[in-house]
Amino acid sequence: MSSFSITDLPFAGLKRIARQRIGDSRGFLERLFCSEELLVAGWRKSVAQINHTITEKKGTVRGMHFQHSPYSEMKLVSCIRGSVFDVVVDLRANSSTYLKWYAETLTAENGISLLVPMGLAHGFQTMTTNCEMLYMHSEPYKPNVESGLRFDDPILNITWPLELTDCSERDRNHPLLTREFRGITS
């Protein structure tokens with residue numbers, strides 16, 4: 001029996017990973033990552049880094065983050081407490097979904113993760129207080145190749161479900177997209 005149910009989503013390489021829970025009177029066990037089982041979903045690298053975030057305020061936006069080549073990264077993103085509106089933006093210049101966004105609701109209860117391929121920016125808005133997220137990264141964080149998009153960029157026109165309550169200064173100051181932006185290579 002597989003630990004995951006894998007569903008293709010509208011962007012090439014983007015997958016919904018539904019974790020299968022095994023439960024009894026004590027609670028449950030669910031696998032968050034398995035390189036062998038996620039190979040079929042496109043995860044072909046080792047896990048280079050695992051990050052854990054806690055976001056206290058409902059309505060907070062984090063993102064939209066990505067890394068440039070040669071450190072473009074895949075991410076497996078999971079919500080382990082609370083609920084988030086999880087968003088990706090396709091930045092791959094030759095993609096049919098270039099500069100389009102897609103969102104899924106990830107919750108501790110629904111056991112859904114997103115496998116985000118290289119070339120997509122990622123961010124989220126908290127739908128509840130005290131949200132906890134786990135990220136598996138295929139590449140280590142490299143500040144010199146890290147970048148981001150403005151969460152409120154009019155070209156992207158992301159429809160966030162809640163009024164913004166908080167956002168880091170860094171995320172507020174990402175530059176707006178211009179006509180000169182040609183996408184990224186992954």
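If each residue's Cβ is checked for other Cβ atoms within 10 Å, how do Arg19, Arg62, Arg44 rank with the fewest at the top?
Arg44, Arg19, Arg62
Counting helices only, and only those DSSP H runs with n ≥ 4, report the 222 nm mean residue ellipticity of the chain as the sum of -39,500 (n - 2.57) divided by its residues, in deg cm²/dmol to the nearest 500.
-500 deg cm²/dmol
How far apart, in nm, are two points set 7 Å out from the Cα along the Cα-to-Cβ line at Leu177 and at Arg21?
3.7
Would you please state the base-10 log of I(q)/I(0) at q = 0.13, 0.22, 0.23 1/Å for the stretch 74-126, with intensities from the Debye formula using one equal scatterer on every alpha carbon?
So the normalised log intensities work out to -0.31, -0.76, -0.81.
In sequence order, what are the phi-derived ³J(HN,Hα) couplings for the stretch 94-105 according to the Karplus relation 6.51 cos²θ - 1.76 cosθ + 1.60 with θ = phi - 60°, rounded to whole Hz, with x for glycine and proline?
Couplings: 9, 7, 5, 10, 3, 6, 8, 10, 9, 9, 9, 8 Hz.
In whole Å, how far is the Cα centre of the stretch 68-101 from that of the stretch 129-186?
Cα centroid of the stretch 68-101 versus Cα centroid of the stretch 129-186: 9 Å apart.
Under 15 Å Cα to Cα from Lys142, which aspartates and glutamates show up? Leave out anything in the same chain fewer than 8 places away.
Of all the aspartates and glutamates, those that pass the test against Lys142 - Cα under 15 Å, at least 8 places apart if same chain - are Glu73.
Connecting C-alpha atoms closer than 10 Å in a GNM of the chain, tell me which of Asn157, Asn173, Asn144 has the biggest fluctuation.
Evaluated over the chain, the most mobile residue of the options is Asn144.
Of Met64, Asn157, Gly119, which is farthest along the charge dipole of the chain in the positive direction, counting Lys and Arg as +1 and Asp and Glu as -1 at C-beta?
Gly119
So for the chain, Kirkwood radius off the Cα pairs, Stokes-Einstein at 20 °C and 1.002 mPa s: how many µm² s⁻¹?
Translational D for this selection: 127 µm²/s.
Please give the FRET efficiency for Thr53 paired with Lys142, using the beta carbon to beta carbon distance and R0 = 25 Å, rounded to the nearest 0.05.
Efficiency computed from Cβ-Cβ geometry: 0.85.
In what order do Trp43, Trp160 fall by count of nearby beta-carbon atoms within 10 Å, going from fewest to most?
Trp160, Trp43
Of the residues Asp24, Asp171, Asp153, which exhibits the maximal mean-square fluctuation in a Gaussian network model of the chain defined by a 10 Å Cα contact cut-off?
Asp24
FYI, it's all coordinate maths here, none of it is from the lab. Fair warning: this is a prediction, and the values are worked out from it, not measured in the lab. All Cβ positions, glycine included, derive from the backbone under ideal geometry; neighbour counts span all protein chains shown.
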